[in-house]
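Taken together, the values in this text are just the output of simple stated rules run on the coordinates, not laboratory data. Given the structure is predicted, the values throughout are model-derived calculations rather than measurements. For neighbour counting, all protein chains shown are included, and Cβ atoms are generated from backbone atoms with ideal geometry for every residue, glycine included.
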Amino acid sequence: MGEVGYEDLVKPTDGLVSRYLNRRISTRISMKLVRLRWKPSPDFLSVVSATIVGAGGLFFAAGYSLAGGLLAQIGSILDGCDGEVARLLGKQSRGGALLDTVLDRFADIVLLYGLAVASIGYLGELLLVSLVVAAVSGDLMVSYIHGVGEKIAGRHPSLIGRVRGVASRDVRLFVVFLSGLLGRAYIGLVVVAILSLVYTVAKTWEVLGFLGEQ
């Protein structure tokens, strides 16, 4: 185990933020965790990371944008630990992958809710509602095109075509982190909505092209 390093734990489907920032931190945390006498289960780590991201949303809603953004990014970093610990301990499972995916979606919805509440007063009601719907829809659609696309194409969509790693969860949470630093939650909603929806359309087109070549 002592010889396992960063390169052994990264995934080819990692987004830009995970590849250049998150993994450099999460892998170190994971390798320390598996050396503990009491080794946390991957499922427990999934719950912890999702709880932290969700808490970020509540902090945004309460008016603490900086804390909300920091929690979103901390949760994003820890989101890599469950899979890393599972690989290090040989405890990878389909059930764990499902739990992680479901918890991530719930956490993201709570986070975007927090951004919406924090944006009240900055945007008109119609625009705010439209942005929230677009951001939540985009968040869910990225996960959907990845899951269904991989099942249909037999290959993860992020590895198909030229559009790669630009709207994955790590990138979206980093956008929220930056909006928290700026104290402008609505910026996070706008960027997440545009980035995720444009990515979904582009990736669907690329997967269709890939399938057409088979």
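Using C-alpha pairs under 8 Å with a sequence gap of at least 6, the mean separation divided by the residue count of segment 34-82 gives a relative contact order of 44 percent. Label separation (residue 155 vs residue 98): 2.8 nm, computed from points 7 Å beyond Cα along the C-beta direction. In plain terms, the chain is cut at each of the trypsin sites (Lys or Arg not before Pro) found in a DSSP loop with at most 11 other Cβ atoms within 10 Å, and the longest leftover piece is 38-161. Pairs of Lys residues in the chain, spaced 8 or more positions apart or belonging to different chains, with C-alpha separations under 20 angstrom: 7 in total.
Within the chain, which DSSP H helices have Cα atoms that stretch 30 Å or more along the helix axis and a mean Kyte-Doolittle hydropathy of at least 0.5?
Values: long enough: 65-89 (36 Å, 0.87); 94-118 (36 Å, 1.09); 125-153 (40 Å, 1.31); 185-212 (41 Å, 1.68).
The qualifying helices are 65-89, 94-118, 125-153, 185-212.
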